[in-house]
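All of the numbers you see were taken from the coordinates with simple rules; none came from a lab. This is a predicted model, so every value here is computed, not measured. A quick note on method: Cβ atoms are made from the backbone with ideal geometry, for glycine too, and the neighbour counts reach across all protein chains shown.
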Amino acid sequence: MSRAILITGGAGFIGSNFIHYYQQKYPDQQLINVDKLTYAGSLANLTEVENNGNYQFIHGDIADMKTVAAIFKEYDIEGVIHFAAESHVDRSIHDASPFIDTNVVGTLNLLQAARADWEEKGELGERRFHHISTDEIYGSLGESGKFTEDTPYDPRNPYSSSKAGANFLVKSFGHTYGMNVIISSCSNNYGPRQHDEKLLPTIIRQALANEPIPIYGDGKNIRDWLFVEDHCRAIDMVYHQGKTMETYNVGGNNEQENITITNAVCYLLDEQRPDLLQKYRLAHFSDLITFVTDRKGHDKRYAIDASKIQRELGWQPQVDLEDGLRKTVEWYVAKWKTNVPI
Ligand SMILES: NC(=O)c1ccc[n+]([C@@H]2O[C@H](COP(=O)([O-])OP(=O)(O)OC[C@H]3O[C@@H](n4cnc5c(N)ncnc54)[C@H](O)[C@@H]3O)[C@@H](O)[C@H]2O)c1
């Protein structure tokens, strides 16, 4: 049995970008990707790697212990990088149950299966369980301050609560059993392969179709924006070099109001598709921006202090916001041209 890293949720946005990144950087490393292929997961995100000898896909649900245990039985899992989650806040406000099943029970199943297997192999303290978490667990900020790794958890919606619950479970397996666990918590990722319900794909899809671009409230909620490739590099570093039991915050150092991001994307679309502006008789795609009723309990501001990962592991974001947004818009515009829905 050759050793493999188990990736969960690799057909989603960040997981699929990570698999591309990782297979390019470490072509000899075997990766097993387990994904339930919910509405948010798509094998179309993985076409470039699907025939690689060192990549294997398993269609499975991490909330089902039998599935998870069978993976550890069949493969020699040397580490887990756990992305799989229900990830959309609005959906969690509508119905929290799948968030508990996947984000809490699914995480527990993975921890239990990994623990049993690694204990049996006498490598519980060596093999690594890396949990991908979010800055949303820290709650909402006022006008100043940033989340550090020591900020107490204060989740405000069912999604962030389920992710905080998962974090506590991960830490508890480190404390209780001496498992080699590690957490990275990141801010808003953007880039290629994101599901169309998220902000950037929504802006681009609506603009290209000459439809209203819906923005919650007054658009002044602030998020930190992290280009997904920068995040993938951070995960690589945390997985290989991070200290056991530690948490590392990963942020882009790019705090922006939603409306500013929206205008920036519209401006790039003006540049890239002047033909459509003319066709739709618009001066700017930003003319399509429409403010809609705010999300319930919408957190005002998230900002992340990523100085620990910079200081201890030497990571820092390499892609500035303008370049990252340009690459992102180009990617979706190219996809749209092929008539694949964004
Ligand atoms: N996207 C962001 O900006 C962001 C920010 C902070 C943290 N995160 C975290 O990063 C991780 C990945 O986020 P994403 O944006 O790629 O999410 P995503 O929604 O795009 O992808 C999630 C993937 O998990 C799979 N999945 C869901 N339930 C599953 C289950 N029960 N069993 C197996 N697979 C299942 C889905 O099919 C999908 O492929 C999540 O843990 C999320 O909480 C994301």
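Looking only at the stretch 77-109, filter to residues that are more than 18 Å from the chain's Cα centre (by Cα) and touching a residue at least 40 places away in the same chain (Cβ under 8 Å); which one of those is farthest from the ligand (Cβ to nearest atom)?
Here the residue is E78.
Which ones in the stretch 127-136 are assigned to a helix (DSSP H, G or I) and either more than 16 Å from the ligand (Cβ to nearest atom) or out of contact with any strand residue (DSSP E or B) (no Cβ under 8 Å at 6 or more places or on another chain) (or both)?
E136
Only one of these conditions is not met by L6: (1) under 21 Å from the mean Cα position of the chain (by Cα); (2) over 20 Å from S184 (Cβ atoms); (3) more than 7 Å from the ligand (Cβ to nearest atom). Which number is it?
(2)
Name the single residue, out of those in the stretch 27-52 being away from the ligand (no atom under 15 Å from the Cβ) and surrounded by 14 or more Cβ atoms within 10 Å (Cβ to Cβ), that is farthest from I235 (Cα to Cα).
Per the stated criteria, the residue is N52.
Could you list, in sequence order, all residues of the stretch 166-191 that are within 12 Å of the ligand (Cβ to nearest atom) and either without any contact (Cβ under 8 Å) to a residue 40 or more places away in the chain or touching a helix residue (DSSP H, G or I) at 6+ places or on another chain (Cβ under 7 Å) (or both)?
Scanning the stretch 166-191 gives A166, N167, V170, I183, S184, S185, C186, S187, N189, Y190, G191.
Please tell me if A70 is of a type in the set (A, V, I, L, M) and either within 15 Å of the ligand (Cβ to nearest atom) or within 16 Å of the chain's Cα centre (by Cα) (or both).
Criteria met by A70.
I need a count of the residues in the stretch 130-163 that are of a type outside the set (S, T, Y), more than 19 Å from the chain's Cα centre (by Cα) and closer than 24 Å to R311 by Cβ.
So the count comes out to 5.
All but one of (1) closer than 16 Å to Y302 by Cβ; (2) part of a loop (DSSP other than H, G, I, E, B) hold for L124; state the number of the condition that does not hold.
That leaves (1) as the condition not met.
I'd like to verify a number: residues in the stretch 150-165 that are out of contact with any helix residue (DSSP H, G or I) (no Cβ under 6 Å at 6 or more places or on another chain) and either surrounded by 19 or more Cβ atoms within 10 Å (Cβ to Cβ) or under 13 Å from T247 (Cα atoms) (or both), how many?
3
Take the residues of the stretch 166-206 that are in a helix (DSSP H, G or I) and touching a Lys or Arg at 6+ places or on another chain (Cβ under 8 Å): which is nearest to N263 (Cα to Cα)?
F173
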